[in-house]
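Shown next, in structure tokens, is the structure this report addresses.
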Amino acid sequence: MKIGIITFQCAHNYGAVLQAYALKEYLKSLGHSVNIINYRPCYIINAYRKINLRYWLSRNPYKCIIRLFIELIIKPIRIKRWYAFEDFMNKCLELYPYHKNEDYSEFHTLVLGSDQIWNPGITGGNFDGVYFGSNAKCNIVSYAASSRFEKLSKQQKNFFSVSLSKLKHISVRESSLSNLLQPLVNKKITTVVDPTLLAGKKIFDKIAIPPKKNKYLLLYQIGQWKELNTLAIKIAKKLNIEVIEIVSHPILPKKGLIQTASPCEFIGYFQNASFIVTTSFHGLAFSLTYNKQFYCLKQNSDADLRLLSLLNKLNIENRFLEIGEEPNFEPINYSAVNQKLEKEVRYSIEYLNMALN
């Protein structure tokens, strides 16, 4: 069967490219011919350009000078990081050219997702019809599509009601989103695991590049959180290990900072970490994949919904700390967690088999 995937494959974001790779590789393991549609909207690629005036321009002349000074320092980091991501995309994602008004008629099925493809905060301020299979003349399904909604406006409800009616089968990544969308459609909305959890170690071990370092706490956060840095240092001190941080975007260099890791090296850092602290959904996903002891920190925003949905399913909500809450260092019982996760994965596989057939 020939399958096309539409997702955020062009974002220079570890979770985005690795979930795309995971879904593609898992579907290939079932014997299908799979390509990722190389849709590169400007609202994504503009955020990750090698050189962009927005990195240093400001209406405030003083801030403009400071930003320009910082950009001159981190520009080599930004360029090296850019090539690391582009190289991974071109070599590993099996990209298929995107054309406007493409009807995808040569594909048997078009899979929408995973990642936050239904989040207008990411897709240029509005819903992007491409991520809802507009113009497609083949079987359309979603897999683990995500967003950040806590509630929907009347206009958003109307949009989802019409757009989702085109999909033969619908699955989302978070139960909170499923609860919002289910009243709007007359077909079942299934909650499934992220592709990274679907693929698991078997697929990621093939491309992981382990670091030369060992015995380290891995810190991975989206943005920079003073509270998370404090938590990581506190835990590392108790365990008598150093902190290694992978950043989500280039910042001023400092000791222990990993800024130019390729997606394959990113996996290697999770694979070999002694402990993990994160605010990232995919940071959580890879911690679980490699059965690592970890803590997540609440940001008190709708971003918490994604992590909380997964932690609730696995009955380990105690790994999600409030800001200022002290960790108790009680080890995670991965025997119980893996049983629950395997059940969720089996359920997700059943959904995929139904959706593709």
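The values are calculated or read from the model by the stated rules, or taken from the named source; none is laboratory data. Keep in mind that this is a model prediction, so the values were computed, not measured. When we count neighbours, we look across all protein chains shown, and the Cβ atoms used for this are built from the backbone with ideal geometry, even at glycine. Only protein heavy atoms, including side chains, enter the accessible area calculation; ligands, DNA and RNA are left aside. Shrake-Rupley method; radii C 1.70, N 1.55, O 1.52, S 1.80 Å.
Worth pointing out:
- Qualifying helices (runs of 4 or more DSSP H) (wholly inside region 1-107; at least 1 residues being over 18 Å from Asp128 (Cβ atoms)): 14-29, 61-92
- Positions within region 43-54 being open to solvent by 40 Å² or more (accessible area, probe 1.4 Å) and either in contact (Cβ under 8 Å) with a residue 60 or more places away in the chain or over 23 Å from the mean Cα position of the chain (by Cα) (or both), in sequence order: Tyr43, Ile51, Leu53, Arg54
- Among the candidates Arg173, Arg148, the residue that is surrounded by fewer than 22 Cβ atoms within 10 Å (Cβ to Cβ), under 16 Å from the mean Cα position of the chain (by Cα) and closer than 28 Å to Asp302 by Cβ is uniquely Arg148.
- When the criteria are applied in full, Ile140 meets the requirement of being of a type in the set (Val, Ile, Thr) and surrounded by 22 or more Cβ atoms within 10 Å (Cβ to Cβ).
- For region 301-322, taking the residues that are acidic (Asp, Glu) and either open to solvent by less than 60 Å² (accessible area, probe 1.4 Å) or farther than 21 Å from Ser178 by Cβ (or both), the one that is nearest to the chain's Cα centre (by Cα) is identified as Asp304.
- Residue ID - surrounded by the most Cβ atoms within 10 Å (Cβ to Cβ), chosen from residues in region 323-333 that are out of contact with any Lys or Arg (no Cβ under 9 Å at 6 or more places or on another chain) and at pLDDT 95 or above: Asn333
- Against the conditions (1) at pLDDT 95 or above; (2) part of a loop (DSSP other than H, G, I, E, B), Phe149 satisfies every one except (1).
Let's see how each residue does on (1) over 28 Å from Trp82 (Cα atoms); (2) open to solvent by 10 Å² or more (accessible area, probe 1.4 Å); (3) hydrophobic (A, V, I, L, M, F, W, C):
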{"site": "Lys212", "(1), (2), (3)": "no, yes, no"}
{"site": "Tyr216", "(1), (2), (3)": "no, no, no"}
{"site": "Asn229", "(1), (2), (3)": "no, yes, no"}
{"site": "Ile246", "(1), (2), (3)": "no, no, yes"}
{"site": "Gln299", "(1), (2), (3)": "no, yes, no"}
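- Number of the condition not met by Ile276 [criteria: (1) modelled with pLDDT under 95; (2) buried (at least 16 other Cβ atoms within 10 Å of the Cβ); (3) farther than 24 Å from Leu177 by Cα]: (1)
- Which listed residue, of Lys215, Lys206, Lys188, is modelled with pLDDT under 95, more than 26 Å from Gln299 (Cβ to Cβ) and either within 16 Å of the chain's Cα centre (by Cα) or not β-branched (Val, Ile, Thr) (or both): Lys215
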